[in-house]
Amino acid sequence: MAPSFDHLRDADVDEDDYDEDEIDISDLREKYEVQLEQGYDTFVVIDGLPEVTEEQKPKLIKFLLKKLTQVGKTREDLVYMPMGEDGKSLRFAFAEFSSPAEAAAAVRQLDMVPLDKKHTLRVNKMTDIDRYGREGRVDDQYVPPKIEEFTEKEHLRSFLADPSGRGRDQFAMYRGDSVGVFWNGEKESPETIVDRQHWTESFIQWSPLGSYLVSVHQQGVQLWGGASWSRQKRFAHPFVNMLDFSPGEKYIVTWSNRPISIPDEGHPQLSLDEDGKNYVIWDVETAKPLRSFANLDIPATATDGAKPPPKFPWPAFKWSADEKYVARLTQGSSISVYELPRMNLLDKTTIKIDGVMDFEWAPATPQREGVKQHEQLFCYWTPEIGSNPAKVGLMSIPSKQIVRTLNLFSVTDAKLHWQSDATYLSVKVDRHSKSKKSQATTLEIFRIKEKGVPVEVVDTIKDTVINFAWEPKGDRFVIITTSEPTGPTAVPPKTSVSFFCPEKAKGQAVGNFKHLRTLEKKNSNAIYWSPRGRFVVVATVANAQNSDLEFYDLDFEGEKPESDKDLTANLQLMNTADHYGLTDIQWDPAGRYVASWASVWKHSMENGYHIYDFRGEQLREEPVEKFRQLAWRPRPPTLLSKEEQKQIRKNLREYSKAFEQEDAERGASADLAVVEARRRMLDEWLAWRASVDEEVEEERLERGLPVNPIEGLIEQPDSEEEQQVIEEIVEEVIEETEEIVP
């Protein structure tokens with residue numbers, strides 16, 4: 001601690017003989033005063049400790065050391081715990097680390113960490129506490145905190161209670177400089193909920209469960225929600241380019257291509273630890289940063305013949321399904337897994353995987369036999385390195401146990417595709433021949449929930465696979481292939497669309513995957529499954545020459561072809577549509593409607609949107625100038641159990657009758673409202689006409705003119721005898737035939 005200068009005041013001098021300003025003690029201050037930045041930057045203050053006696057104190061310090069040594073080097077003699085006059089601790093302690101970086105790590109990783117069930121640590125830098133005191137932020141005299149009155153917050157899921165009782169979905173539209181949120185009106189115009197000018201400066205995005213609407217500005221990111229659409233959270237990360245939520249909305253990562261610069265006067269949310277960083281991971285509830293990272297240097301070339309990595313892979317941080325972990329890839333060397341919310345590296349070390357090219361978390365917690373429920377899975381792949389084959393691996397976290405590996409040969413590239421329930425993992429493997437002049441694709445499907453995680457190889461595909469999509473909550477998939485060169489070309493390549501499904505099997509087991517159908521000579525390049533499964537839209541997106549949409553049903557209730565009797569699908573094309581300039585497609589969360597739009601971000605021709613039902617019938621077409629973006633509002637998972645859902649599906653016909661009656665009544669009321677409006681308009685026009693006629697008649701009488709001037713212009717015949725009857729005969733040839741006489 002800094003030495004005191006009280007002895008100067010206690011000296012035997014007469015204060016009246018000297019003015020305080022005349023006493024020069026600068027030499028003493030320079031000699032004895034300790035610079036905080038140099039002396040105390042390795043110290044931290046730990047608050048929130050339990051109250052203990054002198055006998056219990058060593059035990060508490062040893063228990064506390066287990067936490068402290070996880071983030072840096074310190075010893076028992078470097079932890080000082082003050083005691084009160086009553087012989088009990090004052091519930092805080094000082095700890096010294098070997099470096100300022102370790103002290104900063106302790107603040108970042110141990111603050112708000114539970115010590116036990118009743119106590120939570122609060123960790124601060126010693127220099128921060130002293131600086132706040134010098135700046136007047138901490139009062140020397142204790143003042144009890146003022147408890148604010150409870151104010152009820154708006155319900156962030158109030159949108160689930162549709163006031164019309166029809167269970168409508170909401171969507172947001174960004175057009176021109178305005179952003180609006182609307183109720184979907186099916187064939188009717190959407191009903192406006194809120195519409196604001198300059199609500200965002202860049203783009204809009206919904207959180208995964210629909211609780212928040214995100215707006216992006218130069219100053220950072222803002223979250224909006226509730227019935228009044230008030231601002232709920234703010235994340236002051238300047239010049240954000242990209243953002244990504246964790247699956248349950250607990251955390252958010254923001255990225256800017258401009259490194260963060262903390263001004264001298266400080267930042268309202270960020271600290272000096274974030275200076276120069278590009279990524280920030282935030283806690284959504286507290287709106288506080290958990291940790292920040294700089295951009296990784298992406299290797300310029302790939303390893304041994306594998307395709308070069310993308311210039312900017314996004315998302316750079318990927319979340320586990322239970323939100324307990326977030327991981328980042330260092331391509332070619334390792335995967336770093338961090339524990340949330342502390343953001344400490346799992347087991348204090350990265351997972352070394354030589355040559356690793358990509359990885360993906362399982363989107364759900366796999367229900368595997370004999371495996372703990374909290375274990376999460378991620379898959380990764382490595383290319384061929386020297387004489388070692390390429391490899392696909394499954395790793396369990398936090399145990400880091402390798403669950404399954406698969407060796408692959410002659411690999412050019414691989415893509416990892418999880419099914420939504422983590423029941424299957426499909427690895428699309430592009431293989432080259434020995435001469436490397438030709439290429440073929442295989443699909444290696446891992447059956448995650450089956451014992452031993454068996455791998456099934458689907459038929460070798462000679463053409464290049466440009467798109468793959470699993471059926472959500474199902475076991476069917478669609479691929480798009482082409483035999484022509486891919487990449488930027490003047491004329492888009494011709495493609496084929498192939499459907500695959502399992503064959504029927506005895507018992508509850510799922511059979512082997514079989515080819516169902518291939519549709520040739522298409523221009524399709526995109527696949528959009530309904531979030532409920534069964535229905536899929538295959539479309540041509542961002543193509544100047546073609547903009548087709550095809551709506552398919554894989555459980556068509558009509559007659560099934562004989563060749564498909566042993567398969568678990570009955571494919572039927574329900575409808576086709578054409579949307580010129582199509583750039584984007586999105587299903588609503590209930591799987592009832594499909595929106596397609598042409599965004600001004602990609603071209604300026606015929607911007608606007610279309611709404612279709614799941615069968616492909618167009619319900620509405622809306623041209624909108626400077627239309628930018630449409631986004632359906634997601635819904636949280638249902639609270640109904642599987643048994644309750646099963647019961648509803650069983651009685652769906654009974655519910656349908658009530659819904660159909662409501663629809664009919666709504667249609668009838670709409671028709672009645674139109675008729676009444678037209679009748680009202682006719683009555684208003686007739687009343688106006690009568691009033692005008694009355695005014696004209698009065699004016700003519702005042703001027704001495706005949707009331708009906710037309711009657712005076714027409715000479716009426718004196719009698720019926722003077723009337724002449726004129727007959728006119730008109731001949732019309734009904735049919736004419738010509739006969740040649742020999």
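The values are calculated or read from the model by the stated rules, or taken from the named source; none is laboratory data. A quick note: this is a predicted structure, and the numbers were derived from the prediction, not measured. For neighbour counting, all protein chains shown are included, and Cβ atoms are generated from backbone atoms with ideal geometry for every residue, glycine included.
Among residues belonging to segment 70-123 that are crowded, with 17+ Cβ neighbours inside 10 Å, in contact with a Pro (Cβ under 8 Å, 6 or more places away or on another chain) and assigned to a loop (DSSP other than H, G, I, E, B), point out the one that is modelled with the highest pLDDT.
Leu121
Kindly check whether there is at least one residue in segment 579-587 that is in contact with a strand residue (DSSP E or B) (Cβ under 7 Å, 6 or more places away or on another chain) and either without any contact (Cβ under 8 Å) to a residue 12 or more places away in the chain or among the hydroxyl-bearing types (Ser, Thr, Tyr) (or both).
Yes: segment 579-587 contains one or more residues that are in contact with a strand residue (DSSP E or B) (Cβ under 7 Å, 6 or more places away or on another chain) and either without any contact (Cβ under 8 Å) to a residue 12 or more places away in the chain or among the hydroxyl-bearing types (Ser, Thr, Tyr) (or both).
Which residues, counting only those in segment 190-236, are closer than 25 Å to Pro163 by Cα, free of Cβ contacts under 8 Å to residues at least 40 places away in the same chain and in contact with a Lys or Arg (Cβ under 9 Å, 6 or more places away or on another chain)?
If the condition is that a residue be closer than 25 Å to Pro163 by Cα, free of Cβ contacts under 8 Å to residues at least 40 places away in the same chain and in contact with a Lys or Arg (Cβ under 9 Å, 6 or more places away or on another chain), then Pro190, Glu191, Trp224 are the ones that fit.
Collect the residues in segment 339-350 that are surrounded by 19 or more Cβ atoms within 10 Å (Cβ to Cβ) and either touching a helix residue (DSSP H, G or I) at 6+ places or on another chain (Cβ under 9 Å) or modelled with pLDDT of 95 or more (or both), keeping them in residue-number order.
Matches in segment 339-350: none.
Residues that are under 19 Å from Trp183 (Cβ atoms): find the strands (runs of 3 or more DSSP E) completely inside segment 525-634 holding 1 or more of those. Write out each step before concluding.
Values: elements: 526-529, 535-539, 548-553, 572-578, 584-587, 593-598, 608-613, 618-623, 627-632.
Where strands (runs of 3 or more DSSP E) fall fully within segment 525-634 and carry at least 1 residues being under 19 Å from Trp183 (Cβ atoms), they are 584-587, 593-598, 608-613, 618-623, 627-632.
Table: residues versus (1) surrounded by 21 or more Cβ atoms within 10 Å (Cβ to Cβ); (2) among the acidic types (Asp, Glu); (3) at pLDDT 95 or above.
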residue: Phe535; (1), (2), (3): yes, no, yes
residue: Asn543; (1), (2), (3): no, no, no
residue: Ser547; (1), (2), (3): no, no, no
residue: Tyr552; (1), (2), (3): yes, no, yes
residue: Phe556; (1), (2), (3): no, no, no
residue: Pro561; (1), (2), (3): no, no, no
residue: Asp564; (1), (2), (3): no, yes, no
residue: Ala590; (1), (2), (3): no, no, no
residue: Ala595; (1), (2), (3): no, no, yes
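Taking segment 176-202 as the region of interest, how many residues are surrounded by fewer than 21 Cβ atoms within 10 Å (Cβ to Cβ) and either among the aromatic types (Phe, Trp, Tyr) or not in a loop (DSSP other than H, G, I, E, B) (or both)? Show your work before the answer.
Residues of segment 176-202 that are surrounded by fewer than 21 Cβ atoms within 10 Å (Cβ to Cβ), as a first pass: 176-178, 180, 182-183, 185-198, 201-202.
Filter once more, keeping what is either among the aromatic types (Phe, Trp, Tyr) or not in a loop (DSSP other than H, G, I, E, B) (or both): 178, 180, 182-183, 191-197.
So the answer is 11.
I'm trying to understand the selection: among the residues of segment 383-401, which are within 28 Å of the chain's Cα centre (by Cα) and touching a residue at least 60 places away in the same chain (Cβ under 8 Å)?
Of everything in segment 383-401, those that are within 28 Å of the chain's Cα centre (by Cα) and touching a residue at least 60 places away in the same chain (Cβ under 8 Å) turn out to be Ile397, Pro398.
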